[in-house]
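All remarks here apply to the structure that follows.
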Amino acid sequence: MPTDLRGAVEAQLITLSRRLDAEPLAVRATANRVMLVLRIKPSHTVATLVARLKSGSQEALTDAGRGVHWGSGFAASTVGGEELHHLVRLINRLD
């Protein structure tokens, strides 16, 4: 993924996460996947949140002339404590 598109995808996902009342702790787009670490509220459902992030970012980036297409699946896990801090550091170091 070109660096400018990666930056646009990451920025859009951060903005949308905040609008959906989720706190983005780490966001990284690579050539074939996006990794997000989000702090979410108990009232959030992961599937709904991911669907809104995918559709909202795809729509906004397409409108800006930057076409992206998300795959149909996703994986989600819960982490906490030191694992959370380690995962955030790891994702933030990825290129």
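The values are calculated or read from the model by the stated rules, or taken from the named source; none is laboratory data. Quick caveat: nothing in here was measured; it's all calculated off a predicted structure. Neighbour counts are summed over all protein chains in view; Cβ atoms, including those assigned to glycine, are modelled from backbone coordinates with ideal geometry. Please note that ligands, DNA and RNA were not included when accessible areas were found on the heavy atoms of the full protein model with its side chains. Shrake-Rupley method; radii C 1.70, N 1.55, O 1.52, S 1.80 Å.
Given the condition assigned to a helix (DSSP H, G or I), free of Cβ contacts under 8 Å to residues at least 12 places away in the same chain and either out of contact with any Asp or Glu (no Cβ under 8 Å at 6 or more places or on another chain) or among the hydrophobic types (A, V, I, L, M, F, W, C) (or both), answer yes or no: does some residue in segment 60-67 qualify?
Yes, the conditions are met somewhere in segment 60-67.
Which residue is nearest to Ala8 (Cα to Cα), if the candidates are limited to segment 47-78 and must be among the β-branched types (Val, Ile, Thr) and exposed (fewer than 13 other Cβ atoms within 10 Å of the Cβ)?
Ranking the qualifying residues of segment 47-78, first place goes to Thr62.
I'd like the residue in segment 21-39 that is at pLDDT 95 or above and part of a loop (DSSP other than H, G, I, E, B) and, out of all such residues, is most open to solvent (accessible area, probe 1.4 Å).
Asp21
Restricting attention to segment 9-23, does a residue exist that is under 21 Å from His86 (Cβ atoms) and acidic (Asp, Glu)?
Scanning segment 9-23, I find at least one residue that is under 21 Å from His86 (Cβ atoms) and acidic (Asp, Glu), so the answer is yes.
Out of segment 24-54, which residues are over 22 Å from Gly81 (Cα atoms), β-branched (Val, Ile, Thr) and free of Cβ contacts under 8 Å to residues at least 40 places away in the same chain?
Of everything in segment 24-54, those that are over 22 Å from Gly81 (Cα atoms), β-branched (Val, Ile, Thr) and free of Cβ contacts under 8 Å to residues at least 40 places away in the same chain turn out to be Val34, Thr48, Val50.
Taking segment 79-95 as the search range and keeping residues that are part of a helix (DSSP H, G or I) and open to solvent by 70 Å² or more (accessible area, probe 1.4 Å), which one is nearest to Ala11 (Cα to Cα)?
Asn92
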